[in-house]
Every structure is written in C-alpha cells, then in structure tokens.
Amino acid sequence: MLLPYLRPARRGYLLLLLWVSAFAALAQTKTLTVEDAFLNRELQPQNLKQLSWIKGTKNEFSYLRPAASGQLEALVRGTAEGKELVPIVTLPALAAALQAAGSEAPKVFPPVQWRDANTLLISLKNQVYGYDVKAGRASKLFGYDAEAENVEADPTKTRVAYTKAQNLFVSAAGRENEAVTQETNPQIMNGQAAHRSEFGITKGTFWSPGGQRLAYYRMDQTMVSDYPLVDVSTTPASLKAIKYPMAGDRSHHVTVGVYDLATRKTIFLQTGEPKEQYLTNLAWSPDEKSIYLAVLNRGQNAMKLNQYNAATGAFVKTLFEEKDDKYVEPLNPIEFVPGHADQFIWQSQRDGFMHLYLYNTGGQLLRQLTKGPWIVTDVLGFTNNGREIVYVGTADGPLERHIYAVPVNGGEGRKLSQGTGTHTALFDAGSNYFIDNFSSAVTPRTIRVISVSEAKSKRLLLNASNPVADYALGETKLFPIKAADGSTDLFCRLIMPPNFDPQKKYPAVVYLYGGPHVQLVTESWLGGSNLWMQMMAQKGYVVFTVDSRGSGNRGRAFEQATFRQLGTAEMADQLEGVKYLKTLPYIDQSRLGVHGWSFGGFMTTTLMTRAPGTFQVAVGGGPVIDWRLYEIMYTERYMDTPQENPEGYRQASLLNYADKLQGKLLLIHGTVDDVVVWQHSLDYLKTAVDKGVQLDYFVYPGHPHNVLGKDRVHLYRKVTQYFDDNLNNHTH
C-alpha cells in the first residue's frame, strides 16, 4: 500500500533547481590546500566519538567527551530525556586501572564496548580487559594471538573468533587460541569473507545468538588461476601470487562450516551442487537450530532462500525463490521479528525497488510492508515489542535519507525524522529511542535523540559549527537533468568558484563514477562533495557531477539500464551532463576536464575514446580497461560471461578505442592493485604504443586499489597539477 507521506519528489525536484549556498560571503578569505582536503581533520564536521547505547539499560547512551580547558577526555553517559551528562571514566583513570591489570597504559582513549550496564570491554594488544564501572577496576579476561585478523566478538561479548593465515580460531577465558580449523593448504581459506565480498558479504564468521556455535566460510581456491603481484620493496623484487577469478574462468568453491564450542566438532551445511554457486546472506534462527542462506547460481539470475539444520548440516527446505531475466542480487540476510520466531523480514527488489516483505518460516509471504517508487536503504531494527520495524529510505526524494517505521502487521507507516537532508540512526530496540545523525548541504552535523513513539526530538547532543566557515567557497547547486532516454531524471551537483563573475569564462572539471551501488550527489554536507572538489572551485574551476543510469539507490530499472553493455548508457548520460554544461554561458567549452577512479577511471577513459573531442583533459585512476580481466562475481552480474556476451565485452573493451584518443589523458595505477589488476592499464599502454598513441602514465609502487595515507596528498597534487597545466586555468 502506497502511503501518503511516501510520495517521491515531494519538493518539486523535477521542476525547480535546488540552490544550496553553503556559506555567507563575509569573512571568507582562506583557501584550501590538498593537505587540507585529505589530512586536516579540523575541516571535517565535528562528531561524537564512540557514541553508543549502553547494553542492558532502557535509554542510556555514552560517548567520548573531548578534553577541554581544565578538563580531561572522558567517557560520559546520559539518558534520552535527561539533561546532565555523568562522567563514567577519564582517560587517566582508565589507563591506571588497565595498567594495574597488566596492560600498558594507553595514551589515547581506547575503543570500548558495553558488555552489560556496568562492564566495559577494552581490547589492547590482543588482550581483552573488563572494566567495572562501579568499582573502577579492570581485569584481564582473555587474550588472543598477536597475528590475529578478522577479529569478531560473539553476541555475549565473552569470546572472539579470529583468523590467522588460512585458519580460524576462537578465544575465551580458559580457552585461548583454540583452533577451529587446521588447514595446511594456504589456498583454502577459513573464516574470511568469500565471493570477493560481493552480495553484501563483509565478513567470514557468523556467531549464533547465544555464542555457542560459530558458522564460517570455507573457501577453496585451488582451482582458481594464480595472478602475480610484484613487490618492489625487496631486492630483488619478489612475487606474491593471489587467486583472482576472472570473468568466464573457473571460480572458487565455498562451503559453510558450523563449529560447536561445546563438542569442539564441525559439521558442514549440505549446500550441494553445483560447486560454483554463491552462498550469501547467512542468518541464524533465534533458537540456533537453523541457518538460512540465500543461494545464488553463478548466472546470478536465480536465488533460493534455503534452510539448513545447524546441528547436522542437512538441507531442510527452500522457502522461496527469486528469478530475474537480468540478475538477482541478494544483499541482506533475513531478520527475525522479536517475539515471533516463526516470522522474518526479507529485503527484495522484486517489484523494481528495494522493499520489505514479511514471511513466515514455512515460506509463506504474509504481506509486503513497504511499497512505492523509492527504496529501503537500511533496516535499523524493531520497536514496540516487535510491532513496528524501523528503517531508512528514500521516500522523501532520492537525494535524501529519512527514518521511518511501519507496522509489521500491516497498516499506515510514519516518518520519524525531521529536516530535509540525510539522516542515519543508531537504534536501540529496547528503549524506543534512536540517535539521529543528520546533515544537509548547509548543515554540517546535528545529533539528536528521537522518540520513536512520538517522532519528536528529546535531546540535542551536538549541533556542529561550520568547519570551513573561514574559507572562501562558492555555491553548491543540486538539480536534475534528463537522461539520454529523454525521460529519466538524473541528479547533478555543480560547484561554483567563489566570487563568481558571470561575465568570465571558466574551465570545468567533471568528477564521475557512474557504476553500481554508488551515489555521489546527495542532500548531505556540501552536497556530497569533498574538499578537493571545493578546492578546485577555489582555483577557478566549475566542478560538475551527475549520477548516470547504472549508479546506486534509484531502483532496478535505473541500475539495469547498463546490463550487458557497461559504459554505453553511462556514457550517453554523462554526455547529457556535458550538453547541460555547454548551455551555461560562463563555461569555456574549450577547457573541459574529466576525472574518476575505478569504475570512474573506466568511464573517464571511455569518454576520452568513445566520445573523442568532448574533453580536452582527463585523469583516470585504477581504470577497468577490459572487463574480461575483472573478477567473476561483479562482472558476470552486469555483463554475463564473455562466452555468453562476446559483443558486449568487445564494445566495452577500451583497448578497441585507444587510437581514437584526442586530448591529454593521464592514467594512474597502484602496482599491487588486487581489485583492478595492473594489467588493465598496462595492456592499454601496450595498445597505445602499438598504435602510436601518446598518453601520460603514473604508478604508485606498493599501493593497492586506493592510494591512501600521506601518498593521497601526492596523488591529488598530481591530479590537480595535470588539470592546471593542461586546462590553462585562467579566466578570461
């Protein structure tokens, strides 16, 4: 049922420009640097560190209050409707207690978790300590291996699972560093994220609700080809081979083990054949007797939600199936309704938009809970003893995020958040409150405690000041244009130079991505832009972004417009953005640049060679050049296999257009990129050499897919300088 408050585009997105002026012009004199853009934390909106609800309480929360004049950094607690903040522990007091328990005294406040209303858990140098808030004392609980990775605490916070090399371990008081697996083959991984972290997979271990069992991925990569990465930090350089399953080739085989901590035995779920399938979205039943998996075929057009016996591994039943002529992409495990162990929520895009469906464990659809031409982006939890589900969605417009609640038993939903912009929430199901973290293009950050029952603010925790108030920044404008299909709305962001003069001609730089699951233009702080873009505007560029078809959070048809032809619809939409720019009298059409990374690097190179002459200058980072060289899970979802879609792969391969290049192109790549392997841009260089095409190239030795840390400043100095040198950045 489409609810009245859920109508999209309620503020006339389709009719009016949304003009956002982030700052007043007075007293703005400072200019940004690349260091400011990426390293100066003082220029990021203020936040509350370690903000969390206190487990075992009804409406209490805690966060780290920064040190102020005459005060010490301290963890403080408050209540949803109270006014006073009560200190829990200062850094010196906590450091002294930890030191008395055998730890080194931390110099900064360590990350803490609440195990219960009186006990803080702190992990320092692979040792877990408990801090008794009332007594002011700490004690060591247990430790784990110094080389541990992928550490995950169980729901009771009394034990952890972790990986070391290819094996999985658990550690608890009296049972430290207990081996779950004893695999000798380094090509068989246990307890790590599988399937290249697609399908919403972020980890490889899954504790049962009571922490008595541990499900985990076992990933056999022995059949996958080795791919060489060269480490130039050694003399001579050394080879590091990784397993990288390329589109159309053999994929790894994954199974799910279940370790019983009481018996110290492991069983495996009987997930059957074929072995090249995707086991995703794992969920435990509340009674720990069953495990539910979304099992997806390699073709990614058919999914089964299966139930398995957690004690024996036996297949129980398929609850339901989903199919699509293009692809199905399950992203979220089922979530059981509190107090109803036989009912759960399933998130699906089956009607064209991501929505919530209520099922019972017999596989019967009870009702669709949300509906409309908008999407649910996150489920936060349940309130009112499981009678309502609270979620984040785009019902108020595709650029915004709001918090909503809808009755599980059907009926009218309601909006809980206020204020045009982007809301994220920290939800405490037991307290009937949530902490709302809000920003908009003109609001850096506001944090409030909101009552679910009343949908009203109960307490203001933070109203952040403008961190760039002293900097001369121009206007940021958010508005729609039409896609190349003539009907679909695309949302754009235009950043103007400060002291804009409509009589001058300005160069423009298009920053783009354009690929799945990414949305660059949002009604959030600075319109979703970053400070490098604002810096470029300060230097006299107009900076433009459009989210083309194929990008995220607009529904199935919007995303699937690129199916089997990556680059084509996206390019057409980016060219519509260029057409818009050329209608602006202050844009110098002879000085247009484009820049993007990863999929954005692919799109940058696509535009320079499949639409030659559109841009004079481009910088593409970590670019996909030939989808045949990219990994199976992602590529085959959007392109099918090279064997099934040879024409689509040929059309998308930028090797076939290298000789069409016009203008200046700089490609950048990390030498140990394990996402978009170095071979992509090297093959492009070889093709350019073979065809006598000149382009510029730079590599970052030892860097993977993203150039981070201090070297990111070097990277964006280079990007900036390339535009400055080749777009002749001056107004006239």
Place a label point 7 angstrom from the Cα of residue 572 along the Cα-to-Cβ direction, then list the residues of segment 503-526 whose backbone nitrogen is under 18 Å away.
514-516
Please compute the modelled spin-label separation between residue 644 and residue 691, points set 7 Å along Cα→Cβ, answer in nm with one decimal.
2.9
Quick one: compute a quarter of the convex hull surface over the Cα atoms of the chain and quote it in nm².
32.8
Cβ-Cβ FRET estimate between residue 93 and residue 583, R0 fixed at 41 Å, reported to 0.05:
0.05
Quick check: pseudo-label points 7 Å beyond the Cα along Cα→Cβ at residue 220 and residue 203, how many nm apart are they?
2.7
Please sort 320-326, 397-403 by packing, taking for each peptide the average over its residues of neighbouring beta carbons within 10 angstrom, highest first.
397-403, 320-326
Between residue 385 and residue 315, what is the FRET efficiency for a Förster distance of 35 Å, r being their Cβ-Cβ separation, to the nearest 0.05?
0.55
Net lengthening on full extension, residue 367/residue 76 (0.36 nm per residue, minus Cα-Cα):
100.5 nm
To the nearest 0.05, the calculated FRET efficiency linking residue 41 and residue 124 through their beta-carbon distance, R0 being 25 Å, is 0.60
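Suppose every Lys and Arg Cβ carries +1 and every Asp and Glu Cβ carries -1, with no other charges. What dipole size does the chain come out with about its Cα centre, to the nearest 20 debye? Intermediate values should be presented prior to the final figure.
On the way: 74 positive and 71 negative charges, 257 e Å.
Its charge dipole is roughly 1240 debye.
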Which whole-angstrom value gives the distance between the alpha carbon centres of segment 79-124 and segment 462-490?
40
Simple spin-label estimate for residue 728 and residue 660 in nanometres, 7 Å along Cα-Cβ
2.7
17 Å cut-off, amide nitrogen to a point 7 angstrom out along residue 458 Cα→Cβ, residues in segment 72-103
77-86
Relative contact order of the chain: what whole-number percent is it, with Cα pairs under 8 angstrom and at least 6 residues apart?
11
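Contour minus end-to-end for residue 29 and residue 165, with contour as 0.36 nm per residue of separation and end-to-end as the Cα-Cα distance? Let's see the in-between values first.
Values: separation 136, 0.36 × 136 = 48.96 nm, distance 5.25 nm.
Result: 43.7 nm gained on full extension.
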When the helices in the chain are scored as -39500 (n - 2.57) per DSSP H run of 4 or longer and the sum is shared across all residues, what 222 nm value do you end up with, to the nearest 500 deg cm²/dmol?
-4000 deg cm²/dmol
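The numbers here are math on the coordinates, done by the rules we state, and not lab data. Quick caveat: nothing in here was measured; it's all calculated off a predicted structure. So basically every Cβ, Gly included, is an ideal-geometry build from the backbone, and we count neighbours across all protein chains shown.
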